Amino acid sequence: MNAYYFSILQGSLMTIAVALASLALAVVFGLLGAAARLSPNRLAVAVGTVYTTVIRGIPDLVLMLLVFYGGTMGLNYLVTALGSKGSVDINPFVAGVLTLGFIYGAYMTETFRGAILAIPRGQSEAALAFGMGRVQTFLRIIAPQMVRYALPGFTNNWLVLIKSTALVSLIGLQEMTYLSKQASAATRSPFAFFLFTAALFLIFTSASLWVLDKANARYSLGTRRAQLH
């Protein structure tokens, strides 16, 4: 029994790796999506709107299976069309990270977009008037304030993303949910292993909340001082 618990603990490292890699990808998609939604270009706005609407309207599990199985079929069709022999299999880790990153990028898009809209527009206009470029204005004026406004929504998205890593067990990635199912099948004692897995998820989310609450307090420090005065 102890060997199964140890294997689940090892699988938790894979869970964390999937979550962090997916988060990094989601932030990239989120920033690009927010830039598209706020762009003066109508085509960019339309693309960003379709992205957030479609992704938020389809269940995560369905998207995961579409990317894994549909992607495998598409790659094999392409290989065959190019005249090559053999088959191509998508790595479950890559499929899981790409899918979760793409999904939560849509949620991050709305989080970042709302954060940017919360910043008074006059600040960026003043920076441009003083001769700052758009990139410099974003890095020095917009981004620091955006972080403060985005942190609450970012925290919620991150917590949901961590829990959604359990979905990658369905495509064969040996993270802790997959390993707990294997242990349950082997010992016919599912309650103990799934309870252990649930406890690990709770530890991860609680630790994340503590860290992000500290970050939120740090970024809100100046605002709180201003309100007190």
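Per the conditions (1) in a helix (DSSP H, G or I); (2) within 30 Å of Phe194 (Cα to Cα); (3) among the charged types (D, E, K, R), the sole criterion not satisfied by Asp89 is (1).
Residues that are over 17 Å from the mean Cα position of the chain (by Cα) and either hydroxyl-bearing (Ser, Thr, Tyr) or outside any helix (DSSP H, G or I) (or both) are absent from the range 153-167. For beta carbons closer than 8 Å, sequence separation of 6+ or different chains, a first residue in the range 206-229 that is modelled with pLDDT under 80 and surrounded by 11 or more Cβ atoms within 10 Å (Cβ to Cβ) and a second that is assigned to a helix (DSSP H, G or I) and among the hydrophobic types (A, V, I, L, M, F, W, C), the qualifying pairs are Tyr219/Val147; Tyr219/Leu151. Scanning the range 173-212 for residues that are within 20 Å of Leu20 (Cβ to Cβ) and touching a Pro at 6+ places or on another chain (Cβ under 8 Å) gives a single hit, Leu173. Within the range 1-31, can you find the residues that are surrounded by fewer than 19 Cβ atoms within 10 Å (Cβ to Cβ) and more than 21 Å from Tyr104 (Cβ to Cβ)? Across the range 1-31, the qualifying residues are Met1, Asn2, Ala3, Tyr5, Phe6, Ser7, Leu9, Gln10. The residue that is surrounded by the fewest Cβ atoms within 10 Å (Cβ to Cβ), counting only those in the range 150-177 that are more than 21 Å from Leu195 (Cβ to Cβ) and free of Cβ contacts under 8 Å to residues at least 40 places away in the same chain, is Asn156. Filtered by the rule that a residue be surrounded by fewer than 20 Cβ atoms within 10 Å (Cβ to Cβ) and either outside any loop (DSSP other than H, G, I, E, B) or among the hydrophobic types (A, V, I, L, M, F, W, C) (or both), the range 32-47 gives Leu32, Ala35, Leu38, Arg42, Leu43, Ala44, Val45, Ala46, Val47.
Looking at the range 183-192, is at least one residue modelled with pLDDT under 90 and closer than 28 Å to Leu66 by Cβ? Scanning the range 183-192, I find at least one residue that is modelled with pLDDT under 90 and closer than 28 Å to Leu66 by Cβ, so the answer is yes.
Restricting the range 123-150 to residues that are over 16 Å from Ala34 (Cα atoms) and of a type in the set (A, V, I, L, M, F, W, C) leaves a set whose member that is nearest to the chain's Cα centre (by Cα) is Ile141. Right, Arg113: charged (D, E, K, R), over 30 Å from Thr15 (Cα atoms), under 23 Å from the mean Cα position of the chain (by Cα) and modelled with pLDDT of 90 or more or not? It is false that Arg113 is charged (D, E, K, R), over 30 Å from Thr15 (Cα atoms), under 23 Å from the mean Cα position of the chain (by Cα) and modelled with pLDDT of 90 or more. Yes or no: the range 97-108 includes at least one residue that is within 17 Å of Val147 (Cβ to Cβ), in contact (Cβ under 8 Å) with a residue 24 or more places away in the chain and assigned to a helix (DSSP H, G or I). Yes, because at least one residue in the range 97-108 is within 17 Å of Val147 (Cβ to Cβ), in contact (Cβ under 8 Å) with a residue 24 or more places away in the chain and assigned to a helix (DSSP H, G or I).
Would a scan of the range 110-123 turn up a residue that is within 28 Å of Leu212 (Cβ to Cβ), free of Cβ contacts under 8 Å to residues at least 12 places away in the same chain and either of a type outside the set (Ser, Thr, Tyr) or part of a helix (DSSP H, G or I) (or both)? Within the range 110-123, one or more residues are within 28 Å of Leu212 (Cβ to Cβ), free of Cβ contacts under 8 Å to residues at least 12 places away in the same chain and either of a type outside the set (Ser, Thr, Tyr) or part of a helix (DSSP H, G or I) (or both).
Residues in the range 48-67 that are surrounded by 16 or more Cβ atoms within 10 Å (Cβ to Cβ) and over 21 Å from Val160 (Cα atoms): Gly48 alone.
The values are calculated or read from the model by the stated rules, or taken from the named source; none is laboratory data. Note that the structure is a prediction, hence the values are computed from the model and not measured. Reconstructed Cβ throughout: ideal geometry from the backbone, glycine too, with neighbour counts over all protein chains shown.
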